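The values are calculated or read from the model by the stated rules, or taken from the named source; none is laboratory data. Because the structure is a prediction, the values reported are computed rather than measured. Ideal geometry is used to build each Cβ from the backbone, glycine not excepted, and the neighbour counts take in all protein chains shown. For the accessible areas, the whole protein counts, side chains as well, though only heavy atoms, and no ligand, DNA or RNA atoms are used. Shrake-Rupley method; radii C 1.70, N 1.55, O 1.52, S 1.80 Å.
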Amino acid sequence: MLNYIWFGMMAIGLIAGVITGNIDAVTQAAIDMAKTAVEIAIGLIGIMALWLGIMKIAEESGLIRLIARGLRPVTIRLFPDVPPDHPAIGSIILNMAANILGLGNAATPLGLKAMEELQELNPKKDTATNAMCTFLAINTSSVQLILPATVVGLMGVASNQIFITTIIATSLSTVAGIVAVKTMEKWKRYREVS
Amino acid sequence: MLETIITAINTAAKFIIPGLLVLIPLYGLFVKKIKVYEVFVEGAKDGFTIAVRIIPYLVAILVAIGMFRASGALDLLLKFMAPVLNAIGFPPENVPLALMRPLSGSGSLGLLTDLVNTYGADSLIAKIGATMFGSTETTFYVLAVYFGSVGVTKSRHALPAGLIADAVGIFSAVYICKLLLG
């Protein structure tokens, strides 16, 4: 699916660019974004190092195991294929916690660490496991309790109203994501090849 | 009452990051007696490899998104969609943001800023936009980075599931705001 969407976006970009006369802008965007991609990755190095360092302390001191144990009833149902004591569960929980608290900077390193640990359990390294898909569905549905600072800055006093509507909308999208991922993992075309 | 709680939560949120940066080493150093400095450095080393590993995936996805965005395809799409949108009560002003949100965080923030500047923070359109922004994620970016970091290329049902979650978030944002704030 990603293959078609990836190609489709570029092809539509080219065709629409010809129609609207924006073809120069399309060219420029392709070059600029290639540069931006590297800048994002390089900018991530420091933040990644900071959070992975702190995570290592939390891991060695047993804090992560402690948190993972507390949330076991939930994680066992969401990630039945991952052993409940596996470090991946701890990282997944911390990533979700960071997302809920609106700590985007902390969420990415924790999420990438969770992916690395899930990959250790993956028998087929180029193919996503059920656990990975579930984790990403929850992640991309954006569980959020605290509004991003940027939104608060933009909306000012109206943020208070947005707070409630966002919580309702994001809860619905998270439930939809979980239901969708759990339903689709049983479909023939998406079935785990093992 | 509610406002006080919300302000309190948002104020408390400011202390979370510095708090964690101090409390976690504190626990390790004094309760578990581990060498926090050495352990930190050991963990931090992985930051470089992971960040570098995601570069090719980021380039692929961001270039495609950039070309799509710059081409004006969104505006063309919008023209075709107008009659359908009116029929379901979806404000056309919010459509570019809804389509942009799964693609680009900075792009959708730009569109939200534009909505607030054009219609004012107190308008229903801005409120719907802000709710959309907060209740969905940049699915394509997250998938590319997360799967890219471990070298997974066959993403199975992760993308359709993520897009379903986005769609539900976007439609919920519209109808919940209309219901509660309209």
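In the Gaussian network model of chain B, springs joining C-alpha atoms below 10 Å, which of B:Ser108, B:Ser135, B:Ser71 carries the largest mean-square fluctuation? Of B:Ser108, B:Ser135, B:Ser71, the most mobile in the Gaussian network model is B:Ser71.
Per-residue surface analysis assigns B:Arg53 an accessible area of about 100 Å², computed on protein heavy atoms at 1.4 Å probe radius. Rolling a 1.4 angstrom probe over the protein heavy atoms with all chains in place gives the range B:53-181 an accessible area of 35 Å² per residue. The count of lysine pairs in chain A that are at least 8 places apart or cross chains, and whose C-alpha atoms lie under 18 Å apart, stands at 4. Largest mean-square fluctuation among A:Thr165, A:Thr183, A:Thr150, in a Gaussian network model of chain A whose springs join Cα atoms under 10 Å apart, belongs to A:Thr150. The range A:136-194 and the range B:117-182 have Cα centres separated by 7 Å. Taking the accessible area of chain A, probe 1.4 Å, and keeping the other protein chains in place, the carbon and sulfur fraction comes to 67%.
Relative contact order of chain A, taken over Cα pairs closer than 8 Å and 6 or more residues apart, is 16 percent. Fully extending the segment from B:Tyr175 to B:Leu78 would add 33.0 nm, taking 0.36 nm per residue of separation and subtracting the current Cα-Cα distance.
Angle check, please: helix A:130-140 long axis (alpha carbons) against the longest principal axis of chain A (alpha carbons), in degrees 0 to 90, nearest 10. Helix A:130-140 and the main axis of chain A meet at about 60 degrees. Across the accessible surface of chain B, with the other protein chains kept in place and a 1.4 Å probe, carbon and sulfur atoms take up 71 percent. If the segment from A:Leu66 to A:Asp24 were pulled out straight at 0.36 nm per residue, it would be longer than the present Cα-Cα gap by 9.6 nm.
Between A and B, roughly 8300 Å² of accessible area is buried in total, ligands, DNA and RNA not counted and the probe set to 1.4 Å.
In this calculation the C-beta distance from B:Val22 to A:Ser171 is compared with R0 = 22 Å, giving a FRET efficiency of 0.10. Report relative contact order for chain B in percent, whole number only (criteria: Cα-Cα under 8 Å, sequence separation at least 6). About 20 percent, as a whole number.
Can you tell me the orientation of helix B:124-135 relative to chain B, as the angle in degrees between its alpha-carbon axis and the longest Cα principal axis, to the nearest 10? The helix B:124-135 is inclined about 40 degrees to chain B. Placing +1 on each Lys and Arg Cβ and -1 on each Asp and Glu Cβ, with no other charges, gives the range A:62-190 a dipole about its Cα centre of roughly 320 debye.
Take each residue of peptide A:99-106, count the partner chain Cβ atoms within 10 Å of its Cβ, and average: the result is 3. Of all the options B:Gly162, B:Gly120, B:Gly43, the one that moves most in a Gaussian network model of chain B with Cα springs shorter than 10 angstrom is B:Gly43. Using the 1.4 Å probe convention, the accessible area of the range B:2-44 works out to 69 Å² per residue with neighbouring protein chains retained.
Once both axes come from the Cα atoms, what is the angle between helix B:158-181 and the longest principal axis of chain B, in degrees from 0 to 90, rounded to 10? With rounding to tens, the tilt is 60 degrees.
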